[in-house]
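Here's the structure we're looking at; comments come further down.
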Amino acid sequence: VGIAEVAKEGYPDFTAWDPKDSHYDPKTDPENPRWIMVDVRFVRKFSHTVSLKSLKANPALKDMRLIQRGNRLSVMPVEKKEWLAILKMEKST
């Protein structure tokens, strides 16, 4: 568990067009891509794990998209106040 940052903004996920790839999706095409990918860069590892359970238990994060039902995106925006709360949790775990 740690910090990564988006290194390159979203672009079509070309693996979805390759029938030999495990991410192949026959319903998408280069003219109308259904899947978007981003490149990420490692920043640092957390000193302690901050679990999803602990995030859900933190009242400061009650409105965070990650906590809400049906929101388990690989990459999603995090508000500054949410980010600061997570960093505080890392230090106190």
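Would you mind stating whether Gly70 is under 17 Å from the mean Cα position of the chain (by Cα) and surrounded by 11 or more Cβ atoms within 10 Å (Cβ to Cβ)? For Gly70, the condition - under 17 Å from the mean Cα position of the chain (by Cα) and surrounded by 11 or more Cβ atoms within 10 Å (Cβ to Cβ) - is not met. The single condition from (1) at pLDDT below 90; (2) within 15 Å of Ala4 (Cα to Cα); (3) in the same structural domain as Lys8 (by TED's automatic domain parsing) that Val40 fails is (1).
Residue check: is Val6 in contact with a strand residue (DSSP E or B) (Cβ under 8 Å, 6 or more places away or on another chain), part of a strand (DSSP E or B) and of a type in the set (Val, Ile, Thr)?
Working: in contact with a strand residue (DSSP E or B) (Cβ under 8 Å, 6 or more places away or on another chain): yes; part of a strand (DSSP E or B): yes; of a type in the set (Val, Ile, Thr): yes.
When the stated conditions are applied, Val6 passes them.
Annotation note: Cβ proximity below 8 Å between a residue of segment 75-93 that is under 16 Å from Glu5 (Cβ atoms) and a residue that is β-branched (Val, Ile, Thr) and assigned to a helix (DSSP H, G or I) (sequence gap 6+ or interchain) occurs for Val78/Ile86.
All of (1) more than 17 Å from Ser92 (Cα to Cα); (2) surrounded by 12 or more Cβ atoms within 10 Å (Cβ to Cβ) hold for Phe46 with one exception: (1). Evaluated against (1) closer than 19 Å to Met76 by Cα; (2) surrounded by 12 or more Cβ atoms within 10 Å (Cβ to Cβ); (3) among the acidic types (Asp, Glu), Asp29 falls short on exactly one condition, (1). If you take the residues of segment 39-85 that are β-branched (Val, Ile, Thr) and not in a loop (DSSP other than H, G, I, E, B), which of them is farthest from Gly10 (Cα to Cα)? Among those residues, the one meeting the criterion is Ile67. Within segment 9-21, does at least one residue satisfy the condition of being in contact with a helix residue (DSSP H, G or I) (Cβ under 6 Å, 6 or more places away or on another chain) and free of Cβ contacts under 8 Å to residues at least 12 places away in the same chain? Looking for residues that are in contact with a helix residue (DSSP H, G or I) (Cβ under 6 Å, 6 or more places away or on another chain) and free of Cβ contacts under 8 Å to residues at least 12 places away in the same chain, one finds at least one in segment 9-21, hence yes.
The values are calculated or read from the model by the stated rules, or taken from the named source; none is laboratory data. Here the structure is a predicted model, which is why all the values come from computation and not from measurement. A quick note on method: Cβ atoms are made from the backbone with ideal geometry, for glycine too, and the neighbour counts reach across all protein chains shown.
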